[in-house]
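In what follows, a single structure is set out as structure tokens and then discussed.
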Amino acid sequence: MLEQFRDVMIIISAFFVVGAAITFTILAIVTFRKASPTLDAARDFVTDLQSVSSLITSKVVKPLTKGAIFAAGLRKAITNLSERSHRKEEKDGNGK
């Protein structure tokens, strides 16, 4: 008697497992179909954002960086020349 009950419970459990697997599969397919347009829109947005970012980098950031580097170099050159002229004046003033 107990063996028959066990066999019936195994069969019922197998039906539940198959039913759960089918339900899960259907839910996954429905979710993917509903999420697919959203994912495509997000992918397009990221692509547009990357193109805008590269455009800004090439048209704005690189020229600004070059200008800042040039200005820093020019400032350093003027500082060095100024220091040299002050040193030369100090040597000339101390030697007299």
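The values are calculated or read from the model by the stated rules, or taken from the named source; none is laboratory data. The structure displayed is predicted, hence computed values, not measured ones. Here the Cβ is made from the backbone with ideal geometry for all residues, glycine too, and neighbour counts use every protein chain on show.
Checking the conditions here, which among Ser53, Ser13, Ser85 is over 46 Å from the mean Cα position of the chain (by Cα), modelled with pLDDT of 90 or more, surrounded by 10 or more Cβ atoms within 10 Å (Cβ to Cβ) and not acidic (Asp, Glu)?
Values: Ser53 fails: over 46 Å from the mean Cα position of the chain (by Cα); Ser85 fails: modelled with pLDDT of 90 or more.
After ruling out the rest, the residue left standing is Ser13.
Going by the structure shown, is Pro37 in a helix (DSSP H, G or I) and surrounded by fewer than 10 Cβ atoms within 10 Å (Cβ to Cβ)? So Pro37 fits the description; yes.
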